[in-house]
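> What follows is a single structure, and I will ask about it in a moment.
The values are calculated or read from the model by the stated rules, or taken from the named source; none is laboratory data. These numbers were taken from a predicted model, which means no experiment stands behind them. Cβ placement follows ideal geometry from the backbone for every residue including glycine, while neighbour counts extend to all protein chains displayed. Side chains are part of the model used for accessible areas, which takes the heavy atoms of the whole protein and leaves out ligands, DNA and RNA. Shrake-Rupley method; radii C 1.70, N 1.55, O 1.52, S 1.80 Å.
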Amino acid sequence: MKKHICIGVSGGIAAYKACDIVSKLSKKDYEIKVLMTKHATEFVAPLTFETLSHNPCYSDLFDSNIEDPIEHVELARWADLFVIVPCSANVLAKVVHGLADDFVTTSFLACHSKKMICPAMNVHMYENEVTQQNLKKAKELGYMIVEPETGMLACNDVGKGKLASVDTIVDAIDACFEQEKKLTGKKVLINAGPTQEDIDPVRFITNHSSGKQGYAIAKAARDMGANVTLVMGPTQLDDLEHVNTVHVKSANDMFEAMKDHLNEADYVIMSAAVADYRPEIVSDQKLKKDDETMTIKMVKNPDILAYAGAHKRENQYICGFAMETENLEQNAYKKLVNKNCDMLIANNLFTNGAGFNVDTNVVTLFKKDEKICLPKMTKEQLGVKILETLKEIEEGNKSC
């Protein structure tokens, strides 16, 4: 299957090099779509990119000839990788601060896939403290940076700011997809999102989980070549292409779905926020507020992680999750051992950048003989880290 790459071209003399990049990529196993800022069209005609990519070139958000009025969002969904090349100081500042006023920046902001920035600018602009802070921020956001080269610039200044060579950029793009070979042939089972436990036909008990972390792990596993099954509680997330998504509602539903796929999985990753309890009795009619208080008797739900650990087959590896508000290390180790996990991902709900409904996470990775405190990263970056660590554990066991 061809990988989809959006190339965003910003204004600058180095824009002409993007033509060669698009040409080389189009001859590989990629499908390319080019987006341009208005200033970029002053350096290279959109027709050039249309000819090289064999696809329309997008530059005007309000172009009446575009069939879809929200094409920038569709392009963001379509892309497996979004590269801005060249990336001017102006566009760099926009994308790290969430400004979106043209086709390139709106699509980039809407994109949740891998992102790469190839800066090119005057040496004094590049060395300016503000630009350096923006580059640092881009790295913190998980954007890959292809560093500019040092040399004679178009303005006749000498210094760092020259766009990296075409071959360097193409090699960096190729490297983005090399990791997918790591899990070829592996079957990965993931659960994600909240569960809902009915009280009556109107009300239910749930939690704040958005499902984003499990969803990001599933996407990373797919991109690394695995055969992925995602058992998903109720969320607002769209189904991932080429991922077998099983939609469930309650904890019991999730338990049954996980059991159906458990034995065939090589890696099992339990990131869902499963309700520990459910109402013992679900009313078939809406409960009325007749009294000042209401008592609902709760019964325990099945422990899916404990079941998986108890039924773990040979050469199967399990990763659990724990969200804590206190005593993180003690509780995490206890869960790791008691649930027979190979690895456990734990975070504190009150840590800035972690928790529910955010696109980043700050976690501590626990193995049976090691604790690794990870810095804040995107949830997809964490997904890659989890999968790579499970693979390392598997390879370590094989070498023993």
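> Just the number, please: percent antiparallel of the DSSP beta bridges in the chain, rounded to the nearest 5.
Of all bridge pairs located within the chain, approximately 30 percent are antiparallel.
> Filter the cross-link list K259/K297; K17/K38; K162/K379; K186/K371 down to pairs whose alpha-carbon distance in this structure exceeds 23 Å.
From K259/K297; K17/K38; K162/K379; K186/K371, over 23 Å: K259/K297; K162/K379; K186/K371.
> Looking at the stretch 294-400, which GluC sites (Glu not before Pro) are DSSP coil and have at most 14 other C-beta atoms within 10 Å of their C-beta?
E314, E326
> Per the helix-only calculation at 222 nm, which mean residue ellipticity applies to the chain, given -39500 (n - 2.57) for every DSSP H run of n ≥ 4 and division by its residues, nearest 500 deg cm²/dmol?
-10000 deg cm²/dmol
> Please give the net charge around T37, taking every other residue with its beta carbon less than 11 angstrom from that of T37, where Lys and Arg add +1 and Asp and Glu add -1.
So the surrounding residues net to -2.
> Which residues in the stretch 250-283 have a backbone N closer than 20 Å to a point placed 7 Å from the Cα of R313 along the Cα-to-Cβ line?
255-270
> Please list, in chain and number order, the residues 5+ apart from E324 or on another chain whose amide H is under 5 Å from its amide H, with Hs placed from the backbone.
N347, N348, L349
> When the accessible area of the stretch 127-228 is split by element with a 1.4 Å probe, what percent falls to carbon and sulfur?
49
> Evaluate E = 1/(1 + (r/R0)^6) for T295 and Q132, where r is the Cβ-Cβ distance and R0 equals 60 Å; express this FRET efficiency to the nearest 0.05.
Computed FRET efficiency for T295 and Q132 comes out at 0.50.
> How many angstrom lie between the Cα centre of the stretch 361-380 and the Cα centre of the stretch 142-185?
Comparing the Cα centres of the stretch 361-380 and the stretch 142-185, I get a distance of 28 Å.
> Could you give the radius of gyration (one decimal) and Dmax (whole number) of the Cα atoms in the stretch 117-271, in Å?
Gyration radius and largest Cα-Cα distance of the stretch 117-271: 22.6, 74 Å.
> Given R₀ = 45 Å, what would the calculated FRET efficiency be for N244 paired with Q330, taking r from the Cβ atoms and rounding to 0.05?
The pair N244/Q330 has a calculated efficiency of 0.80.
> Another question, then. Which three extents, in whole angstrom, do the alpha-carbon atoms of the stretch 152-233 cover along their principal axes, largest first?
74, 34, 14
> Something else now. Over the stretch 1-160, average the accessible area per residue using a 1.4 Å probe and give it in Å², no decimals.
Accessible area per residue, the stretch 1-160: 48 Å².
> Report the gain in length on full extension from D359 to D157: 0.36 nm times residue separation, minus Cα-Cα distance, nm rounded to one decimal.
Gain in length upon complete extension: 68.7 nm.
> Still on this structure, I have one more. Compute the semi-axes of the equivalent ellipsoid of the chain, taking the square root of 5 times each eigenvalue of the Cα gyration tensor, and list them largest first in whole Å.
Three semi-axes, in Å: 44, 24, 20.
> Another question, if that's okay. In whole angstrom, note down how far apart the Cα centers of the stretch 190-258 and the stretch 90-115 are.
29
> Roughly speaking, what is the stretch gain from N340 to V282, that is 0.36 nm per residue apart minus the C-alpha to C-alpha distance, in nm to one decimal?
17.6 nm
> On to the next question. For D260 and D369, calculate 0.36 nm times their separation in residues minus their Cα-Cα distance, and state this gained length in nm to one decimal.
36.1 nm
> Could you work out the longest stretch of the chain that avoids the chymotrypsin sites (Phe, Trp or Tyr not before Pro) located in DSSP loops with at most 12 other Cβ atoms within 10 Å?
After excluding every exposed loop site, the longest remaining stretch is 63-349.
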